[in-house]
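Inspection log for the structure reproduced underneath, given as structure tokens.
The values are calculated or read from the model by the stated rules, or taken from the named source; none is laboratory data. Note that this is a predicted model, so its numbers are computed, not measured. Cβ: placed from backbone, ideal geometry, glycine included. Neighbour counts: every protein chain shown.
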């Protein structure tokens with residue numbers, strides 16, 4: 001019979017445990033509900049009372065590069081290169097043609113420089129292609145390569161303003177090592 005008083009205590013303990021669980025679930029539910037309502041209120045307030053971003057923000061910093069009339073500029077071929085690039089998942093052989101656009105008055109000076117420093121220029125441009133990331137070779141406008149070519153050529157010529165634009169009419173990455 002000593003077990004008889006223990007039996008009525010077990011349901012009371014279960015009821016107390018269930019009561020605590022219900023209270024904690026109710027507390028979590030209450031806080032969760034308040035957080036959802038608060039988040040919704042903040043969203044709606046920001047949606048209706050907040051300002052929208054200005055679509056022209058930053059436009060004043062854009063400089064439109066108007067193309068020169070064709071008589072005022074000359075295009076000179078700098079190099080035709082076939083260079084291997086190992087910086088991607090696969091080895092790629094890049095066939096690249098580089099052309100620069102210069103002002104007509106500077107064309108003879110640049111042409112003479114390109115003829116006299118052909119191997120130095122080929123080495124510098126090949127180094128850029130060999131060290132280029134795979135994503136730079138796959139850019140639609142090849143802007144990163146053009147910017148690096150222009151910097152390297154300008155530093156070789158010692159004149160930053162002589163090259164108007166670098167053009168890459170051909171850039172064909174050919175995968176190798178099948």
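Quick notes on this structure:
- Selection status of residue 137, within 16 Å of residue 79 (Cβ to Cβ) and at pLDDT below 85: no
- Scanning the range 89-107 for residues that are outside any strand (DSSP E or B), over 18 Å from residue 154 (Cβ atoms) and either in contact with a strand residue (DSSP E or B) (Cβ under 9 Å, 6 or more places away or on another chain) or modelled with pLDDT of 85 or more (or both) returns 90, 91, 104.
- Residue ID - surrounded by the most Cβ atoms within 10 Å (Cβ to Cβ), chosen from residues in the range 109-126 that are closer than 14 Å to residue 159 by Cβ and touching a strand residue (DSSP E or B) at 6+ places or on another chain (Cβ under 9 Å): 110
- Residue within the range 149-157 that is over 22 Å from the mean Cα position of the chain (by Cα) and surrounded by fewer than 12 Cβ atoms within 10 Å (Cβ to Cβ) present: yes
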